[in-house]
Amino acid sequence: MIEDSQQNIYQQSQNTDQRIAAVNVKLPPFWRKDVNIWFLQIESQFFTARITTEKTKYHHVLGSLESDVVSLISDFFKKELSSTPYSDLKARLIEQFEESNNRKATKLLNEMSLGDKKPSTLLREMRSLAGSQIKDDFLKTIFLQRLPDNINAILTATGDSLELDKLATLADKVMETTVPTNNMIAPVSSNKLISSGLEQRLTALESANGLEQRIASLEKAITSLDARLRSRSNSRSNDRGRSQSSKRKNVQQYDQCWYHYKYGTKARKCVAPCNFDTKQENLNLDH
């Protein structure tokens, strides 16, 4: 009798503790972004509070939902409750708010960006969205594409053999040394702004280097052209010098001025000294 009495007292105490714990349970706000994580949290609280019955869990969850969430699944409440109301409500909420695999793939491929996050944070978000269905090799390719071009180039060159988590840690360090800290935490900063600034610097450097190369090439071309022009000028001067010298020699050979040497008796001018036979010239004119 005494043992039975003690057992009853213990059982009543346990029931009282469970009721008190159940009353003290305060579930976190419903998290639409990741319903499975939310249920993981509340089920941890149910375990701590020793809440095991489906109906008690059901009423706790229903009481924590916002009115707009209840409105979205109002069709569920129009049906008669089964013997597992909590499990049914959990499945309905996951169906309503959990993204489909196609939607997750689209978001992963096209919508996720670095923004003002650290690369390792971006990787965690991508992994959460990808789940276990996407392998690390493919996820690594997408992850690198979301990083600024200069950081992507560094990681691609040095991190081919690194695991994805270590690669993200390396990306954090490279980002810290490449981008000022205030740009990393500024609320208005974004991946596009950071990437754009870096790209502008790289473009400016490339343009400056290209301009220097073009100037150097132009200087070489000008120098080469000047040398060719000088060579032609010297050649022509030498030719003219040789021609004039030859003419002078021919003129001096006959002791005649250039006009008589060139035109003979038809010359209309004469420059001294000239030994042209003027008599012969007059004779020719008479005829």
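Values quoted throughout were computed directly from the atomic coordinates according to the rules given, and no laboratory measurement underlies them. If you're wondering where the values come from, they're calculated on a predicted model, not measured in any experiment. Positions of Cβ are generated from backbone atoms using ideal geometry, with glycine treated the same way; all protein chains shown enter the neighbour counts.
Find how much the distance from residue 225 to residue 47 grows on full extension, using 0.36 nm per residue of separation minus their present alpha carbon separation; answer in nm with one decimal.
That pair, residue 225 and residue 47, stretches by 55.1 nm at full extension.
Rounded to whole numbers, the Karplus 3J(HN,Hα) couplings from phi for the stretch 59-64 are 5, 5, 5, 4, x, 8 Hz, using 6.51 cos²θ - 1.76 cosθ + 1.60 with θ = phi - 60°, and x at Gly and Pro. Kirkwood Rh over alpha-carbon pairs of the stretch 32-159, then Stokes-Einstein at 25 °C and 0.890 mPa s: what D in µm² s⁻¹, rounded to an integer? It comes out at roughly 141 µm²/s. Put simply, the amide H of residue 257, placed in the peptide plane, has neighbours under 5 Å in 271, 275, 276, leaving out anything fewer than 5 places away on its chain.
Using the Karplus relation 6.51 cos²θ - 1.76 cosθ + 1.60 with θ = phi - 60°, the per-residue 3J(HN,Hα) values for the stretch 24-36 come to 7, 5, 10, 6, x, x, 4, 10, 5, 4, 8, 5, 5 Hz, with x marking Gly and Pro. If R₀ is 51 angstrom, what is the calculated FRET efficiency for the pair residue 74 and residue 177, using the beta carbon separation as r and rounding to 0.05? Step by step, r from the Cβ atoms, then E = 0.40. The H on the amide N of residue 49, modeled in the peptide plane, is under 5 Å from the matching H of no residue at least 5 residues off or on a different chain.
Between residue 157 and residue 270, residue separation times 0.36 nm minus the direct Cα-Cα distance comes to 31.8 nm.
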